Amino acid sequence: MVSASVARNIIGIIGNVISFGLFFSPAPTFYKIIKQKSVEEFKPDPYIATVLNCAFWVFYGMPFVHPNSLLVVTINGVGLVFEFIYLTIFFIYATNKGWRKVSLLLFIEAIFFAAIILVTMLVLHGTTRRSLVVGIICDVFNVMMYVSPLTIMAKVIKTKSVKYMPFWLSLTNFLNGVCWTTYALIHPFDIYVLISNSIGAVSGLIQLLLYGFYYCRGENNDDGVELQSTSQVPISECLPDLEA
């Protein structure tokens, strides 16, 4: 019989693979930017938000904050690398106004992140208190990223078309949420990974049901729609998605 520890690691590895796919999914968009040598109307905001989300999950997974969270650290570390690559490409091809905006936002994020680290390490003692504070912050960012498709769902209902809701992204988000929710439920229980990813699983399920409803009605014109910001997936990761 497989032990809880082995089962948890297997689920976590599967979650890492799914989350990796989510982080990699914007690559075609950035390839297009490189090819055209212009960011055009591309918005970097989701990637800037994902940087902070991943950074907090990496910090959360540290042994001195929340032990036994190596798989949360690995995928969010990978997520950070991807996001910085994407933003570097944006820096190269953006206008002066564009890269100044990104620089300012990243600077603000860095100050906020550093402040949380200092408070956590100097004021909070013990992994229980540190997990509580950092875990809540991670959940806030992760939930925000998971519920961000609400605007897309509203548009689907309004237009009665799934044109703006890519099926595979919705399915992957759902599987990502389910995977990390399962991971969190296996000993050692992780309430903070559970909260945001269970919400993500429900959000993904609603998206799939909505897609199926309007697809069956014949409103399935989702061809030719380019997804610009699939990276805004939490993972708790960067879970995810990103948790991851």
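Data for the structure
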{"item": "Prolate/oblate/rounded call for segment 91-151, Cα gyration tensor, a/c under 1.5 rounded", "result": "oblate"}
{"item": "Whole-number accessible area per residue in Å² for the chain, which is evaluated in the context of all protein chains at 1.4 Å", "result": "50 Å²"}
{"item": "Calculated from backbone phi, Karplus (6.51, -1.76, 1.60) coupling profile of segment 189-200 in Hz, x at Gly/Pro", "result": "4, 10, 5, 6, 5, 5, 4, 5, 7, 5, 5, x"}
{"item": "Residue 167 accessible area, 1.4 Å probe, all protein chains in place, Å² to nearest 10", "result": "70 Å²"}
{"item": "Heavy-atom accessible area ranking, 1.4 Å probe, most first, across 93, 47", "result": "93, 47"}
{"item": "Burial ranking of peptide ranges 171-181, 185-195, 125-135 (average Cβ count within 10 Å, highest at the top)", "result": "171-181, 185-195, 125-135"}
{"item": "Compactness index (Cα Rg / 2.2 N^0.38 Å), the chain", "result": "1.03"}
{"item": "Listed residue pairs exceeding 32 Å between alpha carbons, taken from 101/160; 35/160; 32/97; 43/158; 97/155", "result": "101/160; 35/160"}
{"item": "Residue 34 versus residue 136: modelled label distance in nm, points set 7 Å from Cα along the beta carbon direction", "result": "4.3 nm"}
{"item": "Rounded to whole Hz, the Karplus (6.51, -1.76, 1.60) HN-Hα couplings of segment 137-143, x for glycine and proline", "result": "4, 4, 5, 4, 5, 5, 5"}
{"item": "Whole-number Å³ per residue for the convex hull built on Cα positions in segment 1-99", "result": "89 Å³"}
{"item": "Percent carbon-and-sulfur accessible area, segment 37-144, ignoring ligands, DNA and RNA, probe 1.4 Å", "result": "76 percent"}
{"item": "Table column - 3J(HN,Hα) (Hz), segment 83-93, Karplus curve with 6.51, -1.76, 1.60, x for Gly and Pro", "result": "5, 5, 5, 4, 5, 5, 4, 4, 4, 5, 10"}
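The values are calculated or read from the model by the stated rules, or taken from the named source; none is laboratory data. The model shown is predicted, which means the values in this text are computed figures rather than measured ones. As a convention, Cβ positions derive from the backbone with ideal geometry for all residues, glycine included, and neighbour counts pool all protein chains shown. Keep in mind that these areas ignore ligands, DNA and RNA; they rest on the heavy atoms of the full protein, side chains included. Shrake-Rupley method; radii C 1.70, N 1.55, O 1.52, S 1.80 Å.
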